[in-house]
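Working notes, beginning with the structure itself.
The values are calculated or read from the model by the stated rules, or taken from the named source; none is laboratory data. Computed from a prediction, not measured in an experiment: that's the story for all the values here. Cβ coordinates were reconstructed from backbone atoms using ideal geometry, including for glycine residues, and neighbour counts include every protein chain displayed. Surface accessibility is based on the protein's heavy atoms, side chains included, excluding ligands, DNA and RNA. Shrake-Rupley method; radii C 1.70, N 1.55, O 1.52, S 1.80 Å.
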Amino acid sequence: WAYAFYVFDLMWHYFNNGCSAYAYWNMILAPGGESTWGWKQNTMISVDGAKGEIVRNPEFYVMNHLASAVRPGAKFLPISGDQAAMSMLFVNPDGSRVLALANPLNEPAAMDVEIDGLPDHLVFAPRTVNTLVF
């Protein structure tokens, strides 16, 4: 799961530095898949056709989690505060907002948020990726 948090951190980094979209290069490869230039590649899903095995890798769960709430055409909004380094905020075309927060720590993480003028104190379980839609 460390790699799942690494992917979340990469996405955070790219969006906070001006990226307007994030695409995962290798969605499905054979286990231990290599690029055409010979590098071992990470992938969201590994498929071993000979064994009939399909494995959803940690990256799959991060991408699936975010894609279930962040709609095509959503806009990224930078945020600030104590937990901003592990949080991303998006506004969907329909006006709904998506707050994605990763807690890679081995202990709960707290976050104070204000949504539509109403303050709230949220606590996120250890080693989780969380999404709020409001």
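For region 29-55, residues that are more than 20 Å from TRP1 (Cβ to Cβ), surrounded by 12 or more Cβ atoms within 10 Å (Cβ to Cβ) and in contact with a strand residue (DSSP E or B) (Cβ under 6 Å, 6 or more places away or on another chain) total 1. Residues in region 89-133 that are under 16 Å from the mean Cα position of the chain (by Cα) and open to solvent by 80 Å² or more (accessible area, probe 1.4 Å): 3 in all. For the residues TRP37, TRP25, TRP12, the requirement of being within 18 Å of the chain's Cα centre (by Cα) and not in a helix (DSSP H, G or I) singles out TRP25. Considering region 35-91 alone, what residues qualify as being β-branched (Val, Ile, Thr) and at pLDDT 85 or above? Matches in region 35-91: THR43, ILE45, VAL47, ILE54, VAL55, VAL62, VAL70, ILE79, VAL91. Residue check: is SER68 more than 16 Å from ASP9 (Cα to Cα) and within 11 Å of the chain's Cα centre (by Cα)? So SER68 fits the description; yes. The set of residues from region 97-134 being out of contact with any Phe, Trp or Tyr (no Cβ under 7 Å at 6 or more places or on another chain), of a type outside the set (Asp, Glu) and not in a strand (DSSP E or B) comprises LEU105, ASN106, GLY117, ALA125, PRO126, PHE134. Note on region 56-88: among residues that are open to solvent by 30 Å² or more (accessible area, probe 1.4 Å) and in a strand (DSSP E or B), the one that is farthest from LEU132 (Cα to Cα) is ARG56.
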